[in-house]
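First up is the structure itself, then whatever we jot down about it.
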Ligand code: NA7
């Protein structure tokens with residue numbers, strides 16, 4: 001990179017303008033810092049900008065999945081549904097950007113491509129995709145956990161004559177599939193949300209399923225204004241409950257019994273009640289779903305029974321039953337009419353474990369069994385989760401250490417916030433923090449608050465840099481793995497484990513020690529003068 005003359009000097013540089021980036025810009029500007037944001041998209045929204053596929057919807061309830069930092073914002077924004085649609089969340093984030101005058105701080109259509117730490121000046125020298133250079137004291141990566149999409153390199157894909165779509169970068173005007181033969185690959189959350197809607201619109205939908213997924217009904221509905229009002233009157237304790245709870249996903253968490261302590265009838269009653277209520281509560285109506293195989297099996301049996309009673313053709317139902325991993329170790333999906341969609345005469349389920357894809361042809365997809373003629377092909381094939389967006393930037397820390405080299409055997413961070421060797425580089429909901437296992441907005445606010453307070457401390461003390469100590473980081477990485485190993489998560493091939501990406505180290509990426517307990521550890525570390533960090 002060239003000399004400092006051409007570089008723009010800022011205090012803080014923020015990558016991403018989703019929930020994390022917007023709040024980071026807001027907090028850091030309020031500290032009196034000069035801030036610069038960059039965002040690859042043409043607008044704000046992050047995940048909710050890109051993932052516009054039919055049926056895209058949050059699986060955390062809207063009153064919980066929203067910022068809590070501004071009571072005025074809380075009062076003036078009225079969520080209309082129990083689970084907010086992508087469109088509504090995007091409108092919300094656009095409103096936040098305007099209300100707090102954040103857009104002027106962001107360069108849209110611009111990516112950070114390289115970041116080099118300069119020991120002499122203790123600044124980050126940054127280069128963006130528009131060839132602009134910056135010198136920044138603090139670099140905040142709010143670049144998202146599920147923002148680096150993955151398109152499998154299927155043989156012959158380039159030859160396909162029809163239209164190709166990815167759920168993770170859906171056309172802004174939407175897609176009209178009327179009269180079309182559509183193929184869809186992937187049955188994670190994105191596939192499961194979009195399949196019922198595409199099936200209703202198109203002439204024929206062929207679903208190419210590699211691994212069946214567990215899904216529970218959302219029972220989405222309009223938010224009752226009176227119920228909303230009642231909740232608004234109790235909002236601060238409601239928010240605090242999310243922050244201090246174990247999952248931050250479910251309001252009013254209470255202690256639950258072990259599945260194995262319950263009589264079978266009581267267990268069934270409990271599961272039925274959670275099923276009827278809808279959403280992921282089912283997984284948390286017992287305390288040991290994710291730690292005890294026997295407990296997990298009872299949930300698996302319950303869900304298998306629901307799939308069998310919903311899907312009329314027993315052979316199709318059998319193909320939809322997940323059997324190769326414990327429930328919840330791949331993300332539990334939340335759907336509207338997913339399993340029932342396979343009763344439609346215009347939907348075909350292709351089980352790729354039985355009949356793998358051999359190639360994409362100019363006119364469709366050929367498996368080992370048949371050729372499926374298609375007009376459009378939709379990929380809902382996931383992301384390089386948690387580390388993908390960070391490693392997509394050429395980041396070099398002290399002594400030229402490349403982040404990609406430091407993380408060759410898996411990410412190494414202290415608290416999922418900072419990495420040894422990379423002073424003043426912060427990640428929002430990075431690997432080793434509760435992140436994707438939590439309510440992302442709750443975790444984002446906590447991380448950004450921690451980062452802002454740490455930066456304020458540095459400035460008060462006239463200290464240039466913060467950096468985690470190697471031994472504190474080693475201990476944290478070991479703790480994250482140890483807690484992960486007490487759960488069933490390592491039993492699945494999942495993006496939590498990095499195993500959806502060929503060649504990616506198989507490491508459990510998030511911290512499963514609980515959102516409230518994690519927050520408490522962060523608070524204690526800060527109160528102890530940022531134990532485990534070197535402030536120099
Ligand atoms: P996911 O959950 O990673 O799902 C991707 C799906 O694509 C999953 O069913 C994969 O099967 C399938 N896949 C991936 N590669 C292939 C190939 N080569 N052939 C066939 N099928 C393939 O991504 P989503 O976008 O649905 O959801 C990501 C998260 O976003 C979600 O959990 C929410 O948090 C929001 P596999 O299971 O790997 O066999």
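Results, tabulated for the structure shown:
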item	result
Shape parameters for the range 327-457, alpha-carbon atoms, Rg then Dmax in Å	21.6, 64
Listed peptides 180-192, 333-345 by packing density, highest first (mean Cβ within 10 Å)	180-192, 333-345
Extended-chain gain in nm, criterion 0.36 nm per residue less alpha-carbon gap, residue 340 and residue 459	37.1 nm
Between 0 and 90°, nearest 10: helix 264-277 axis offset from the chain longest Cα axis	70
Degrees between helix 235-244 axis and first principal axis of the chain (Cα, 0 to 90, nearest 10)	90
Whole-percent pair-distance distribution, where bins are 10 Å wide, for the alpha carbons of the range 87-207	9, 27, 27, 22, 12, 3, 0
Highest-first arrangement of 128-134, 463-469, where packing means the average Cβ count within 10 Å	463-469, 128-134
Using alpha-carbon coordinates, inclination of helix 440-461 to the longest axis of the chain, degrees	10
Cα-based shape type of the range 182-268, given that a ≥ b ≥ c are square roots of the gyration tensor eigenvalues and the cut on a/c is 1.5	oblate
Cα gyration tensor shape of the range 76-134, rounded if a/c is under 1.5, else prolate or oblate by comparing a/b with b/c	prolate
Protection proxy ranking, peptides 524-532, 453-461, 284-292, average beta carbon neighbours within 10 Å, highest first	284-292, 453-461, 524-532
For the range 215-246 and the range 60-138, distance of Cα centres in Å	24
Size descriptor, Kirkwood hydrodynamic radius, that averages inverse alpha-carbon separations across the range 462-502, Å	12.6
DSSP bridge pairs, the chain: antiparallel proportion in percent, nearest 5	40
Relative contact order (percent, whole number), the chain, Cα cutoff 8 Å, 6+ residue spacing	19
The range 255-329 shape via C-alpha gyration tensor axes, a/c threshold 1.5	prolate
Equivalent-ellipsoid semi-axes of the chain, from the Cα gyration tensor, Å, largest first	38, 28, 23
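Rule-based calculations on the coordinates, nothing more; no lab input. Values in this document were obtained by computation on a predicted structure and should not be read as measured data. We place every Cβ from the backbone using ideal geometry, glycine too, and count neighbours over all the protein chains shown.
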